[in-house]
Amino acid sequence: MDAPARTDDVVAAKIPDGVYAETVLSVEHYTDRLFRFRMTRPSGFRFRSGEFAMIGLMVGDKPVYRAYSIASPSWDEELEFFSIKVPDGPLTSHLQAIKPGDTVLMRKKPTGTLVLDALTPGKRLYMFSTGTGIAPFASLIRDPDTYDMFEEVILTHTCREVAELKYGFDLMEEIRNHEFLGEIVGTKLKHYPTVTREDYPYQGRITDLMESGKLYTDLGVPPLEPAIDRGMICGSAAMLKDTKVLLEKAGLNEGANNKPAEFVIERAFVG
Ligand code: A2P
């Protein structure tokens, strides 16, 4: 008589082709809308900092996937993701309940436009993010290549509430204390957190702060200049559209992997 199948075998038997099955290592909940998790990285999995992958779970008998920016840098041995929790989201309603030891699926091919290769050389790199749109930049600000290519890196992060900024503050702390990154990053990286629905020293949508010029005054930098400044934008569809208009008004052009230019955009994913 055959031995009964072990639970692991049952899970493995259902994993579709072309998909990695990885183990959750840690989970941190920031608010009732946001959490982060880290998982094992398959040995053959390569990606460029700033790219996204399709992340999934088996829900019943079927895998459910959503696009997720990889928040860890390309040199990291583990993979990190920063996620929203949508109460009835097809994936996140389940993903928000994962625990260390659980299995998460990942399709094998990463992709994306928020990569250094899609930008022409410049001096100052702006990363404009709202909400979970900070995730691809969490990868890029931990990649030494970013600091080889740019003299100054400015990460703006706008959220509705102060508690939603914590992931960004934790990142800054981690970088400062990191044994080799701390030195590479030095004073090149500036963090500009703003909040729109609570009192906070830095208040308002990033688009309004750009238009009023307050962003540049606060940072002590001149307004956008196509020969010097480069941009990456990640947020909601409306935020991408409005920020893009301002960059184009300043004379910057949108680039892509096959046509590098002065700025690139990508939607922060939900679901
Ligand atoms: P606001 O509170 O004024 O809507 P969301 O969670 O809805 O994606 O919003 C995240 C942050 O992005 C919020 O602070 C929100 O500000 C801001 N935001 C929303 N739409 C835009 C936009 N079109 N341009 C710039 N910022 C935006």
**Message:** Looking only at the chain, where both bridge partners belong to it, what percent of the DSSP beta bridges are antiparallel (to the nearest 5)?
**Reply:** 50 percent
**Request:** Show the residues, 5+ positions off or on another chain, whose built amide H is closer than 5 Å to the amide H of ALA71.
**Result:** GLU80, PHE81, PHE82
**Prompt:** So, in Å, what gap is there between the alpha-carbon centers of region 165-206 and region 48-94?
**Reply:** 23 Å
**Message:** Let me spell out the model: positive unit charges on the Cβ of Lys and Arg, negative unit charges on the Cβ of Asp and Glu, origin at the Cα centre of region 160-246. What dipole size does that give, in debye rounded to 20?
**Reply:** 280 debye
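Calculate for the chain the 222 nm mean residue ellipticity that helices alone would give, adding -39,500 (n - 2.57) per DSSP H run of length 4 or more and normalising by residue count, nearest 500 deg cm²/dmol.
On the way: 9 runs with 67 residues, N = 271.
Taken over the chain, the calculation gives -6500 deg cm²/dmol.
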**Message:** Based on DSSP loop calls and a cut-off of at most 15 other Cβ atoms within 10 Å, the longest stretch of the chain free of exposed GluC sites (Glu not before Pro) is what?
**Reply:** 1-76
**Fill in**
Along the dipole axis of the chain (charges at Cβ: +1 for Lys and Arg, -1 for Asp and Glu; origin at the Cα centre), the most positive-end residue among ILE141, SER69, ASN177 is SER69
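Let me know the charge dipole size of the chain about its Cα centre in debye, to the nearest 20, where only the beta-carbon of Lys, Arg (+1) and Asp, Glu (-1) is charged.
Numbers: 32 positive and 40 negative charges, 119 e Å.
For this selection, approximately 580 debye.
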**Prompt:** Residues of region 166-202 with amide nitrogen under 18 Å from the 7 Å Cα-to-Cβ point of GLU28?
**Reply:** 166-182, 191-193
**Prompt:** Non-local amide H neighbours of ILE265 (under 5 Å, H modeled in plane, Pro and chain starts lacking H): which ones?
**Reply:** ILE233
**Item:** Table column - 3J(HN,Hα) (Hz), region 131-142, Karplus curve with 6.51, -1.76, 1.60, x for Gly and Pro
**Value:** x, 6, x, 6, 4, x, 6, 4, 6, 5, 6, 9
**Request:** For region 141-189, run through the chymotrypsin sites (Phe, Trp or Tyr not before Pro) and keep only the ones in DSSP coil with at most 14 other Cβ atoms within 10 Å of their Cβ.
**Result:** PHE180
**Message:** If you restrict to DSSP beta bridges whose two residues both lie in region 116-265, what percentage is antiparallel, to the nearest 5?
**Reply:** 5 percent
**Prompt:** SER93 label point, 7 Å along Cα→Cβ, cut-off 20 Å on backbone N: hits in region 228-271?
**Reply:** 269-271
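We did not get these values from a lab; they are worked out from the coordinates using the rules stated. Remember, it's a predicted structure, so these values are computed and weren't measured experimentally. Cβ coordinates were reconstructed from backbone atoms using ideal geometry, including for glycine residues, and neighbour counts include every protein chain displayed.
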